1. Residues that are of a type in the set (A, V, I, L, M, F, W, C): which helices (runs of 4 or more DSSP H) entirely in region C:232-290 hold 3 or more of them?
2. Is there a residue in region C:366-374 that is within 21 Å of C:LEU103 (Cβ to Cβ) and either of a type in the set (D, E, K, R) or loosely packed, with under 15 Cβ neighbours inside 10 Å (or both)?
3. Being modelled with pLDDT of 90 or more and polar (S, T, N, Q) is the filter; apply it to region B:92-132 and report the residue that is surrounded by the most Cβ atoms within 10 Å (Cβ to Cβ).
4. For the structure I just gave you, tell me whether C:ASP285 is farther than 30 Å from C:VAL201 by Cα and among the acidic types (Asp, Glu).
5. Under the condition of being at the interface with chain A (Cβ under 8 Å from one of its Cβ atoms) and hydrophobic (A, V, I, L, M, F, W, C), which residue from region C:66-99 is farthest from the chain's Cα centre (by Cα)?
6. Just one of C:GLY368, C:GLY348 is within 14 Å of another protein chain (Cβ to nearest Cβ), under 20 Å from the mean Cα position of the chain (by Cα) and more than 30 Å from C:VAL63 (Cα to Cα); which is it?
7. Tally the residues that are under 22 Å from B:GLU113 (Cβ atoms) and free of Cβ contacts under 8 Å to residues at least 12 places away in the same chain, restricting the search to region C:341-387.
8. Tell me, which residue of region B:133-147 that is without any contact (Cβ under 8 Å) to a residue 40 or more places away in the chain and surrounded by fewer than 18 Cβ atoms within 10 Å (Cβ to Cβ) is nearest to the other protein chains (Cβ to nearest Cβ)?
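The values are calculated or read from the model by the stated rules, or taken from the named source; none is laboratory data. Worth saying up front: this structure is predicted, and the values here are computed from it rather than measured. Every residue, glycine among them, receives a Cβ derived from its backbone with ideal geometry; neighbour counts consider all protein chains shown.
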Amino acid sequence: MPENPTEIGYNTKIEGDVIVTRADAVLNWFRKNSLWPMPMGLACCAIELMAAGSSRFDISRFGSEVMRFSPRQSDLMIVAGTVTYKMGLAVKRIYDQMAEPKWVIAMGACASTGGMYRSYAVMQGVDNILPVDVYVAGCPPRPEALLDALMKLQTKVGKEPVIRTQKALPVEA
Amino acid sequence: MSTTAKRLAQKLKKAFSTALGSVSEFRDELTLIVTDPAQIKDVCQYAKTELGFDYLVDVSSVDNYGEDPRFEVVYEMYGYEHQAHLRLVATVSEESAVIPSVTSVWKTADWHEREIYDMMGISFEGHPDLRRILMWEGYPYFPLRKDFPLAGKATELPEVAFSKPAPLEGGPFVTTAGSEDRQRGEPRSKSVSS
Amino acid sequence: MADVKDIEIKDTAASAASALGAAEAQSDDLSDLEGEKLTLNMGPSHPSTHGVLRIVLELDGEVITKADPDVGYLHRGDEKIAENMTYTQFIPYTDRLDYLAPLANNVAYALSVEKLMGIDKALPPRCQYIRVICCELARISAHLLGLGAFAMDVGAMTVFLHTFTEREKIYNLIESLTGARFTTTYTRIGGLARDLPENWVRECEQFLDGVEVNFDETERLLTRNKIFVDRTKDVGVLPLDVAIDYGVSGPNLRASGSNHDLRKVHPYLVYDQLDFDVPVGTVGDCYDRYLVRIEEMRQSVRIIRQCFKNLPDGPVSIDDGKTVLPKKEKVLTGMEELIHQFILVTQGVDTPKGQVYFGAENPKGELGFYINSKGGGTPHRLKIRAPSFVNLSALPYLLKGSMMSDTVAILGSIDFVMGESDR
């Protein structure tokens, strides 16, 4: 029994053209290798996000080539940049429009904790309104750091049970 | 260039001797105090049409908390022909917090004045559309005033926005030396044990 | 048998007109009593708004009758933060204003504080030349991205990838110079953080040779491309007097016909010793703004080459312990340097009382800092005159009367950055 539930134990010489594995493993393998990001590019981190998408760092190697700006067609929201209180409602609304299963990467210091902007107008972290799966440190994080976060998210997605019960978010008033 | 500015400032002073006060020079720049802010629109109109200051570079506001009059509105003017700068400083008291708008003179003053209204709370008489520009409609405070804390205050406007005070703990991003430990100095840090 | 009643069906237009006649003096919300105008919200999250800008458009079919931009979605409170920080501590915030050209913002801010302290003419020549090189590199970088995003919005997606490749090379150069790809925080009050690394000049010259080829490629792709020209010629025309009235500055103003460039008119650093041209447009449409930016990039390359030829040796910061941090070896061994270091780090540079305004020619326009100081190391009031904020105020004029599909072309050609506009 493989320890990692997504490990597909498969040997062509013995099994031939048939892979026998768990449903979880296969579905998670599809999901994690085709995470379509919804770039919520708000500020400077958006530039590094675009750089991650361009030819030098190439996020499309990870299956995330199509940066879908429509929330209905994406699974991963990358919050890149400072989330202000004025913008918070828009971000939440867009997150609500995404279909399950969906994940969130908080890219950069501002999206994780408010960054160096501790002021009256900046929400101290997008996790005040969204459930974040991976936090990326950096101001701005290098595209390699974003790709590392994407890989960590892929590991996380790989471990999820396919039928996932949705826990209610603790909402701070 | 400084002589052109001096000459224009003198001309402006002569035309509006009741409204303008002293000229001061600092770092090659001329600042003219406006003693009667109610005439600011006429002064600016004259400056634009007669003296050629066709470009309003910036309108700023300053909060001198504790002094009376409390606010200052600073107009930075420039002319493309003669390439001279001139600065006008008008004072606004806290009780009235109103000054005539110069939007009819330069259209660019529109957004600058909206921002001053948003941040400092000074109203502009005659402004075509005075509403908040950087904060959301319905935000109850004027953030750039000196008595408003940097961390902000908690507000709640359903369906629009909420705001909470940011954790500053005594200073901009300074874990005060002498606080017991990182936990108390930095409230959002999570320790391993908890 | 029911009576056949003659029902007079009033013409909706006539009924609306009669109602309008009574209410015409009031707000123009009522002018849409017939229900023909559509209010469209081009929301803060939109692929082509280059950041978080919300525009509320009122459409009559395909024609825009009213446009109301709603900024402030990236308002981070920079000016209030500045009142709580020393001048040196504020430099990282200036990076994030126009985050496409952070070196230019750093230089503009450092120059304005130095003007306040009266030391801007006393900067060592090497420092001034390096600052000019940084500004021009930032200009190339910002225009490359502006044009790439503009072309991508208008439909030419290849250009974006080409310009990004060149920007990656600029990032390599800047990383070896300052330590970060962007968000450089390179200048200090009274000089620079550190000197140029070895071989940097040679690498930069190699880069310049390559980037000129890239400009030619971009021009070949766009300048005579029928689709691009049709989408941008005579679209979003901004006449010169309107541009001046709205306070528009930078390439947008020069495309409308003014040859005003702060580097020529009020030269700062060593721009008066350098030889370069200022491109000026004629019509003021999107196509002119594109052409002005391409030519400005070529002139920037020319400026950098001249700077490399004339780059003097020497220190990169002024030699005043009260302004610039002393060398670490001296700090650890000498008493006076130790005290200077302590005071500079905890209290900041000592500025005189007064107010000063300094405007620099940034890639987006005139970035100005108005500093009102009551002495000490923190400003009493720091106002950032952001060019994108003022350029955006001309949007209602530009969008009115244009077609819905031209919105994207106009927004792309104005080339604004929300980080700067909202501060």
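1. C:240-245
2. yes
3. Residue satisfying both the conditions and the ranking: B:THR108.
4. When the stated conditions are applied, C:ASP285 passes them.
5. Ranking the qualifying residues of region C:66-99, first place goes to C:ILE81.
6. Checking each option against the conditions leaves just C:GLY368.
7. Residues meeting the conditions: 0.
8. B:TYR141
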